[in-house]
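The values are calculated or read from the model by the stated rules, or taken from the named source; none is laboratory data. Because the structure is a prediction, the values reported are computed rather than measured. We place every Cβ from the backbone using ideal geometry, glycine too, and count neighbours over all the protein chains shown.
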Amino acid sequence: MPSKNSDRYVPATAQPVKILVLGPFAVGKTTFVNTVSEIQPMRTEEKMTHAGQLVDNLDDLRGKTTTTVAMDFGRLTLSQNIVLYLFGAPGQQRFRGMARSLMEGALGGLVLVDTRRIDESFDAIDQLEDAALPYTVAVNTFDGAPRYRETDLRDSLSMPAHRPLVSLDARQLGSAKQGLISLVSHILDRSCLEHAR
């Protein structure tokens, strides 16, 4: 894999695929995009203001000092045929309009979940459901966060059996890529099923 400073061009044969990375505030979306991007990612992180701290839930988030105010952007070449363009959306309710705008042209989404705050993931899932986009749910395994069996997670998230559910560490490249591989496989499977009808 090239360094983050690489100016490598996208293969001429590559099909661009727009992917959203969604989830609640401070679930690891910026970290995820930074980890998997083969180029220096674009970030719109700003220092949290006192006003923002009054409306953002900072429980269990000691040390959180910045927040995404527009989006994160990165790129990952999966093969000569597939290049992912990753758009990380801000997670706060007040930025919901930005997430909706980013959905235009997207082929799917990866929803990051923190098991300490599972209920905060419903909004991102609902947005993808409303947009009829395929998605994968990825539990970001924070240090010290509770671990649950897959069946319990699916129950908590009201997830059907066909919806992909993976665990990953957004800080580790190999682990983080598993979420994208699962999502792309799900998109391709869904596309094949629709073409077969």
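Listing for the model above:
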| read-out | value |
| --- | --- |
| Conditions (1) in contact with a helix residue (DSSP H, G or I) (Cβ under 7 Å, 6 or more places away or on another chain); (2) of a type in the set (G, A, S); (3) free of Cβ contacts under 8 Å to residues at least 12 places away in the same chain: number failed by A161 | (1) |
| Selection count where residues are free of Cβ contacts under 8 Å to residues at least 12 places away in the same chain, farther than 14 Å from L20 by Cα and small (G, A, S), scope segment 98-130 | 0 |
| Residues being at positive phi and either of a type in the set (A, V, I, L, M, F, W, C) or part of a strand (DSSP E or B) (or both) - total across segment 110-159 | 1 |
| Which listed residue, of A132, A124, A161, is surrounded by 21 or more Cβ atoms within 10 Å (Cβ to Cβ) and either of a type in the set (G, A, S) or modelled with pLDDT under 95 (or both) | A124 |
| Only one of L110, L58 that is closer than 26 Å to Q15 by Cβ and either surrounded by fewer than 17 Cβ atoms within 10 Å (Cβ to Cβ) or modelled with pLDDT of 95 or more (or both) | L110 |
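Residue by residue, here is whether (1) of a type outside the set (F, W, Y); (2) under 24 Å from A99 (Cα atoms); (3) out of contact with any helix residue (DSSP H, G or I) (no Cβ under 7 Å at 6 or more places or on another chain); (4) in contact (Cβ under 8 Å) with a residue 12 or more places away in the chain holds:
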site: Y135; (1), (2), (3), (4): no, yes, no, yes
site: Y148; (1), (2), (3), (4): no, no, no, yes
site: L168; (1), (2), (3), (4): yes, yes, no, yes
site: L180; (1), (2), (3), (4): yes, yes, no, yes
site: D189; (1), (2), (3), (4): yes, no, yes, no
